Amino acid sequence: MVALTAAAIPGIGLWANSPYISKVYEYRPAPGQFVNTMPEYEPGDDAASMAAKAGEQLVGGATPGLITLGAYGGYVVFGFDHPVVNLHGRYDFQVYGNAMPSSSTSAEPGVVSVSVDVNGNGLPDDPWYELAGSDYALPSTHHKARVVYTRPAADHVAVPDPSNKSITDTEYIAWSLTEAPGEEPTEGWLHKVSFHTQSYWPEWLGETLEFSGTHLADNGVDLNGDGKQWATEPLHWGYADNLPNASYKGFSIDWAVDEDGNKVVLERIDFVKVHTGVLQNLGWLGEESTEITGAEDLHPDAVYSPSWPSDPIDPAAEYGMPDIPPSVGVATLHASSVPHRIYDLRGLLLLENPDRSQLRSLPSGIYIETSPAGTRKIRL
């Protein structure tokens, strides 16, 4: 484990902190049907002015407005007027979206990452740590994916879908996706739909856009097989705009992992980043895109303590877990050649060949054990 500490903040905990977003540092959406409208682009806007417009939508309240992140990879970076303290074993902050409480929940999961202002310059230019959600260890989740979008040519001719009048261009914006370094890319198109006629390309950005980060499996389901009725199935936990705001308790800084999936221990964090995790067209609904309506520090005046409560949160029990096939699941992902290992329910290695005292040191909860006898869930 790696222990990191934010830069010292004089007087922390001595006055009331606002629980809500105080600043948007960067807004860089991927192309999408709500881009240039949420927030609105006007001629002359640049990256700084668009970040300020995103801030006008997100600053100062739990759900004060709404911004889109566009298709896979598009992101926003924001912070509070204070560091968010990690209360071990508790939910630390919430990111609000517009997923609706219905059978087709409009779940458009966004991946959440956090950063510590290690260099003390007040800018989000330090390493990022993903908060590993329920699907982190699935073989269908790719953590070092890269996508490149290409802006349509000025003389681009639309290719409508003859079987679906709502899709006005099936070859609107080209993308090339590489799931892991060295792999061959796959290629495809973002569609354009009749309900949104403006340019889907972020007008203040360049002719090509590149994004990288965790890519989640498609969660949109064509219910009738004709592209006319869709549902987007929510993931279990750990993603923004995935469950209705009232149905989800938040994010824990304890879930932080580095780029190689190693757990890190963060006393507090200074910046939050959310990016759209899925790359999928949903027929007449257009592309899947994460939307953000605000965020909240769930304990804005907390003081850090290294201790853990006797009843730490257990999101796997609260929200469930995806099925991980034993043949390709957690044990295989983390090298099954070691006879005895203990993982948490996100598939992150905690102990190797542990003795009883090491097992007793773990917080109470459910874990995954791998040994020559096989893979099983255990309760400690």
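The values are calculated or read from the model by the stated rules, or taken from the named source; none is laboratory data. Not measured: the values here are computed from a predicted model. With ideal geometry, Cβ positions are generated from the backbone for all residues, glycine too; neighbour counts draw on all protein chains shown.
I'm checking my understanding of the structure. Among residues of segment 68-78 that are buried (at least 24 other Cβ atoms within 10 Å of the Cβ) and in contact with an Asp or Glu (Cβ under 9 Å, 6 or more places away or on another chain), which one is nearest to Glu287 (Cα to Cα)?
Looking at residues that are buried (at least 24 other Cβ atoms within 10 Å of the Cβ) and in contact with an Asp or Glu (Cβ under 9 Å, 6 or more places away or on another chain), I get Ala71.
When segment 229-255 is examined, which residues are found to be within 26 Å of Asn36 (Cα to Cα) and modelled with pLDDT under 95?
The initial filter retains those residues of segment 229-255 that are within 26 Å of Asn36 (Cα to Cα), namely 230-232, 239-245.
Within segment 229-255, Trp230, Ala231, Thr232, Leu243, Pro244, Asn245 qualify.
In the list Val148, Val114, which residue meets the criterion of being among the β-branched types (Val, Ile, Thr), more than 24 Å from Thr208 (Cα to Cα), modelled with pLDDT of 95 or more and outside any loop (DSSP other than H, G, I, E, B)? Spell out the reasoning first.
Working: Val148 fails: more than 24 Å from Thr208 (Cα to Cα).
After ruling out the rest, the residue left standing is Val114.
Looking only at segment 273-302, which residues are farther than 13 Å from Asp241 by Cα, touching a Leu at 6+ places or on another chain (Cβ under 7 Å) and not in a strand (DSSP E or B)?
Leu279, His299, Ala302
Please indicate, with yes or no, whether at least one residue in segment 303-318 is charged (D, E, K, R), in contact with a strand residue (DSSP E or B) (Cβ under 9 Å, 6 or more places away or on another chain), outside any helix (DSSP H, G or I) and at pLDDT 80 or above.
yes
Say whether the condition of being in a strand (DSSP E or B) and either of a type in the set (Lys, Arg) or in contact with a Pro (Cβ under 7 Å, 6 or more places away or on another chain) (or both) is met by at least one residue in segment 34-57.
Within segment 34-57, the subset in a strand (DSSP E or B) is 37, 40.
From what is left, the residues that are either of a type in the set (Lys, Arg) or in contact with a Pro (Cβ under 7 Å, 6 or more places away or on another chain) (or both) are none.
No, every residue in segment 34-57 fails to be in a strand (DSSP E or B) and either of a type in the set (Lys, Arg) or in contact with a Pro (Cβ under 7 Å, 6 or more places away or on another chain) (or both).
If a residue must be over 30 Å from Glu130 (Cβ atoms), out of contact with any helix residue (DSSP H, G or I) (no Cβ under 7 Å at 6 or more places or on another chain) and not in a strand (DSSP E or B), how many such residues does segment 151-179 contain?
Qualifying residue count for the region: 13.
Across segment 222-271, what is the total count of residues that are surrounded by fewer than 18 Cβ atoms within 10 Å (Cβ to Cβ) and among the charged types (D, E, K, R)?
So the answer is 9.
Can you name every residue in segment 124-152 that is out of contact with any strand residue (DSSP E or B) (no Cβ under 7 Å at 6 or more places or on another chain) and aliphatic (A, V, I, L, M)?
Ala137, Leu138
Determine, yes or no, whether Leu190 is in contact with a Ser or Thr (Cβ under 7 Å, 6 or more places away or on another chain) and either closer than 19 Å to Arg28 by Cβ or surrounded by fewer than 16 Cβ atoms within 10 Å (Cβ to Cβ) (or both).
no
Within segment 95-111, track down each residue that is surrounded by 23 or more Cβ atoms within 10 Å (Cβ to Cβ) and at pLDDT below 95.
Passing the criteria: Ala99, Ala107.
Show me the strands (runs of 3 or more DSSP E) entirely contained within segment 182-227 in which 3 or more residues are at pLDDT 95 or above.
Ranges flagged: 186-193, 208-215.
Among the candidates Asp46, Asp92, which residue alone is at pLDDT 95 or above, of a type in the set (Asp, Glu) and crowded, with 18+ Cβ neighbours inside 10 Å?
Checking each option against the conditions leaves just Asp92.
Being within 19 Å of Val112 (Cβ to Cβ), part of a loop (DSSP other than H, G, I, E, B) and either among the aliphatic types (A, V, I, L, M) or modelled with pLDDT under 95 (or both) is the filter here, so list the residues in segment 123-132 that pass it.
Result: Ala132, single match.
Which residues, counting only those in segment 15-25, are out of contact with any Pro (no Cβ under 7 Å at 6 or more places or on another chain) and part of a strand (DSSP E or B)?
Tyr20, Lys23, Val24
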